[in-house]
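Scroll down for the structure; my scribbles are underneath it.
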Amino acid sequence: MRYSGITSDEVIEMIRDHEFQKFEIEFLKKEKAEIVRNFKMVEALYHEAVTLGVIPLKNPLDGIEVDLRIAKVINSVSTIA
């Protein structure tokens with residue numbers, strides 16, 4: 001069945017998306033941010049990265065050429081809405 005160019009499957013998907021968005025908004029309203037816990041987790045992750053030798057970087061610009069090429073390609077693609 002089609003409704004103004006939209007299939008019934010697409011309508012069902014839009015309803016599911018909307019219901020999920022409502023659920024997500026309600027969940028986030030109930031969930032309290034625990035700033036101290038979040039900072040402790042970030043600090044622990046930082047210390048783990050230092051221990052593993054991932055940071056600090058020996059050469060921060062290492063691999064920048066690849067990043068620039070990727071950014072150039074991404075930015076050259078027109079946005080499709």
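The values are calculated or read from the model by the stated rules, or taken from the named source; none is laboratory data. All figures in this text were calculated on a predicted structure; none of them were measured in a lab. So basically every Cβ, Gly included, is an ideal-geometry build from the backbone, and we count neighbours across all protein chains shown.
Comparison of GLU19, GLU26, GLU31 shows that the only residue that is under 21 Å from the mean Cα position of the chain (by Cα) and modelled with pLDDT under 80 is GLU31. As a summary of the residue check, ASN59 satisfies the conditions (1) of a type in the set (S, T, N, Q); (2) surrounded by 10 or more Cβ atoms within 10 Å (Cβ to Cβ); (3) more than 21 Å from the chain's Cα centre (by Cα) except for the one numbered (2). Examine the range 67-78 for a residue that is exposed (fewer than 10 other Cβ atoms within 10 Å of the Cβ) and of a type in the set (Asp, Glu), and state whether such a residue exists. Taking every residue of the range 67-78 in turn, none turns out to be exposed (fewer than 10 other Cβ atoms within 10 Å of the Cβ) and of a type in the set (Asp, Glu). Number of residues in the range 2-14 that are surrounded by 10 or more Cβ atoms within 10 Å (Cβ to Cβ) and part of a helix (DSSP H, G or I) equals 6.
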